[in-house]
Each structure stands twice: as structure tokens, then as C-alpha cells.
Amino acid sequence: MQYSTTDSKRIGKARAPSQLSQVIKRYMTHKYFFIMLIPVLIYYIIFHYAPIYGVVIAFQDFKILKGISGSKWVGLDNFKELFAGMYFLPVLKNTLIINFYKLLFGFPAPILLALMINEVKQAAFKKVVQTVSYLPYFLSWVILSGIIIEFLSPSRGPINIILTMLDFKSVFFIASVDWFRSILVGSEIWKTVGFNAIIYLAAMAGINPEMYEAAEVDGINRIQKIWFITLPSIIPVIVILLILTSGQIISDDFDQVYNLLNAKVTSVGDVIGTYTYNEGISKMNYSYAAAVGLFKNVVALAVVLVTNTLAKRFSDETIF
């Protein structure tokens, strides 16, 4: 039996309401789950989407009393000042260097920790290690910064006490230009490594145990099982997280740097976050600070897009 074009259109129109009714029915069946999403949607609308309108002040000479609608439009003047000034480029350099080290050493750290935890056979010991490793993640940088400052104190810190006992000169690590970036990278890894390892442990839990059993029959040792079975199985997760993390190459952890930064290490520790805070809050230069923030976000988006494109070219795992 053959159908005419008119008949095909009639059948298509008949199917469309049927599909729509099925979608509506599914939504109604799970309506309580969608109701639970309402607070999340409200949060993102108020604190993430509504403030986007404020980006306009990056192109204005914003005055609080005049508001956005009454402030003078200056176009790209704030961005010209941004790149022509003598302060922003050193801050950008510090941000890129610190975040590059965090990406270089911090990204593989949770993978290594997850691999080691996954190889532990005693369940009780594994739980203890996991708890101890991800506990710092739930502490604020205000608390952790105090612990770090005390731990590295030149007079009462345990490291300097040991150095003094070994007839070495004590070092004021937190105020040392040579050590400050290492402290930022090390403390970031300490805080996040345990929590980030949970993602990789979850991916490892989904690996078929029969693959390991077959490998044991073939005489493969534990290192070879990790290299040929575990790592290839979690490559999709690693690639996706690498793409998402790449955007942080120009973003910084303001809470960490602000609580550890001091006048002696500003030359190597002042980053875009603290610079924007000083310009926008301390100096009340809102338009200039908004221009800095917009520049940072645009570059971060570009880095994510480029990384995603490269991942798409060399592998099948991408975020879009």
C-alpha cells in the first residue's frame, strides 16, 4: 500500500500530539523530582544568570549613584587601560604560572591516589585513607590557611624546628618569594586530592572484574593490570575532567590566595582574583574590575573550547 504526500502529513500530525502527550505524561509521573529542582533553578537564575546583565558596566564609567542606565558609555576604554597598564600583565603572568603548576601537578594527583586506594585490599584501611584524604576539602581556606601559616611558622612551625635542630637556618616560607607559589600548589593538592579521587574511584568501580580475572590467568602482575586495564577504562573520565579543568588555567582560587598572600610575596602571588578585588572593592573602580573579570571569563571559555576541540580530534570523549 502506498501513501500520498497528504496522507504522510496527516500521519505525522497524528503522531506529534501523541509524542507530546507521552512527554507530558512522563513529566507528570516524575513531577516531584522536577519540583525538587525548582530551588536549584531559582539559585542559578538569581546568582548566575541575572548578574550577567551587570557585565555592561565593563563598557561604562560606572557610578553607583547614577546606576547602569545613567552611567557614561566608554566602549573599550577599560580594556585599553587593562592592557596598557603596568599592573595587570604581571598579575596575569602570576595567574598563568600558578595555575599551570596546579594543573601539571594537581590534575594527576587524584588519579594516582585513586589507583593506590583501589589496590588496597583491606576495606577498613581503605575507608580510613579515604576519610583522611578528603577531610580537608570540607574545611574553608580560612581554617586551612591558619593551619598552613602555623605549620610553616619560622619560630614555632614543626618544619623550622626540625631545620633548627639540624643546624639549618629557619625559613619564613609563607613570606618567601621562592617558596610561596609552591605553597599555593601544595596546599591546593592537599585540599582537593582526596575529594577529586572519589570520581576516579567511582569510575574504577564500574570496571568488569572479569577483566582482572582473565589478566591474572594470563600471568599479568598488578602494575600491568593498572596500565593495561584500569587506566584505559577510566580514560573517558580523565579526558572530560581535563577539558573542564583546562578552563581554570586563567581562574584562581581567590579564598586561598587572599588568605595566604602578604606584602612580601605580592610580586609572585598577586593573581587576577585578588587584583580584581582590590580594584573593585578597595578602590571602588567597578568598571575596570568588571573588564578584568569579563576578560578572564572569555579566555577561560576559549581555552575550554580549544581543549574540547583537541580532545574531539584525538579521542571520542568530549563534553559536547
| message | Students often get this wrong, so check it: of Lys93/Lys296; Lys80/Lys312; Lys80/Lys264; Lys169/Lys264, which have C-alpha atoms separated by over 24 Å? | response | Lys80/Lys312; Lys80/Lys264
| message | Let's test this: bin the Cα-Cα distances of segment 79-121 at 5 Å from zero up to the farthest pair and state each bin's percent. | response | 5, 19, 14, 13, 11, 9, 9, 6, 6, 4, 2, 1
| query | Top mean-square fluctuation among Ile159, Ile42, Ile68, Gaussian network model of the chain, C-alpha springs under 10 Å? | reply | Ile42
| said: From the alpha carbon gyration tensor of segment 215-320, can you work out the equivalent ellipsoid semi-axes (sqrt of 5 times each eigenvalue) and give them in Å, largest to smallest? | reply: 41, 19, 8
| message | I need the fraction of alpha carbon pairs in the chain separated by more than 30 Å, rounded to a whole percent. | response | 57 percent
| Under a straight-distance cross-link criterion of Cα-Cα below 26 Å, which lysines are reachable from Lys127, leaving out those fewer than 8 residues away in the same chain? | Lys191, Lys225
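No value in this document is a laboratory result; all are computed from the given coordinates. Worth saying up front: this structure is predicted, and the values here are computed from it rather than measured.
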